1. Mind grabbing the accessible area of His275 for me, 1.4 Å probe, Å², rounded to tens?
2. Determine the percent antiparallel among the DSSP beta bridges restricted to the chain, to the nearest 5.
3. Which peptide among 108-114, 173-179, 45-51 comes first, and what is the full order, when sorted by highest mean count of other Cβ atoms within 10 Å?
4. Taking all protein chains together and a probe of 1.4 Å, list Ile253, Ile216, Ile231, Ile298 from the most accessible to the least accessible.
5. Going Cα to Cα from Lys17, which lysines come in below 26 Å? Please leave out same-chain ones fewer than 8 positions away.
6. So if I place +1 on the C-beta of Lys and Arg and -1 on the C-beta of Asp and Glu, and nothing else carries charge, what would the dipole magnitude of segment 150-227 be about its Cα centre? I want it in debye, nearest 20.
7. Would you compute, from DSSP H runs of 4+ residues alone, the mean residue ellipticity of the chain at 222 nm, taking -39500 (n - 2.57) per run and dividing by the full residue count, rounded to the nearest 500?
8. Need the full-extension length gain, Glu89 to Gln23, defined as separation in residues times 0.36 nm minus the C-alpha distance. One decimal, nm.
Amino acid sequence: MQTASNPAPSTIEAKKKVFGMIQAFWESQCVYVATRLGIFNLLQEKSQSVETLAATTSTNVEKLYVILRALGHLGVLQEAPGRVFGATELSALLVTNAGPSMGHFAMHITEPCQWDAWKQLENCLHTDVVPFEQANGKSVYEFTRDNPWSGDTFINAMSFLTNHAVDALLEVYDFSQFGTVMDVGGGQGGLIASVVKKSGCKGILFDVPYVTQTAIAYLEKQGLDLDAVQIISGDVFAEVPRGADAIVMKYFISAWNDEDAIKILNNCKKALPKHGKIVLLQAFVPDLGEPPESPDGIMPGLFAVQIMVAVPGGAWRTQQQFKDLFEKCGFQLEKVVHTGTNLSAMEFGLGA
């Protein structure tokens, strides 16, 4: 017989899971603060005492220790006697001074503007407000444009997501079938750079001006011949440039509701030749009975809530919902290619 002091093992495991959910935001904020302070950058080369780290980051020693100790308990850092902290495999992923990293993604998702937006989650169920706009007084795109640190962090976060998935994508999807590929909403150009280098095609990078202005330096760091990629700034709702055999969109269409997405897709349709394709690179929200977690640990159903919090009407959709959306604009699904990450490729043609 089970007693109050000796609960059933299943009850203990259930409570552990719920406690983990409750504590999750504490974990993410500790990671955010340490990443923002550059703690993981400082520990790359050698372990350091909390006193040294506090002096370098101009923080209170004892308060910093409480945070770093918690990160040690989580396995993000390693604590040695004398309050000395060292790097781990996890902290190496959060280093931000060696190019786009998981650290940039962590800071973007958990920075104060996003944190404040999540406080409005319940409110958005009863009203038409967009949580991010309610909390910050402007859209997420306006905010990242107007706040240099947030904008830079966002761009690097998106570049990290590209770098994270691109190798697995290029192993299973062949872009060499196209003469010119255009990445719509392509950010700094990480994806199009990889596509061009791997397949030998020409590339076009299309995004808003404040994003594309970072692209030249980024592409040069990738060792790419800038003659291979044309950089075009513009508004996807006004016009999509012509000249590509295929348009690639990575996570991009998820930022828009169906009405706006249809406007974008119709502009893409005008820009493509009759043989043209759209290659949608996207994580799919699983249908009932499908695994809720992608191979790389991302949960698309949970990520869909983040999109709802951040943008008006945007959504990570199911595979069928994407298919239906594209069909409304005259595109036919021709194939789906899955990778070893959260990213899959849906290839659409213009049909007969």
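The values are calculated or read from the model by the stated rules, or taken from the named source; none is laboratory data. A quick note: this is a predicted structure, and the numbers were derived from the prediction, not measured. For neighbour counting, all protein chains shown are included, and Cβ atoms are generated from backbone atoms with ideal geometry for every residue, glycine included. Only protein heavy atoms, including side chains, enter the accessible area calculation; ligands, DNA and RNA are left aside. Shrake-Rupley method; radii C 1.70, N 1.55, O 1.52, S 1.80 Å.
1. 110 Å²
2. Roughly 50 percent of the beta bridges in the chain run antiparallel, per DSSP.
3. 108-114, 173-179, 45-51
4. Result of the area sort, largest leading: Ile216, Ile231, Ile298, Ile253.
5. Within the straight-line cut-off, Lys17 pairs with Lys119.
6. 20 debye
7. It lands at -14500 deg cm²/dmol.
8. Contour length minus Cα-Cα distance gives 21.6 nm.
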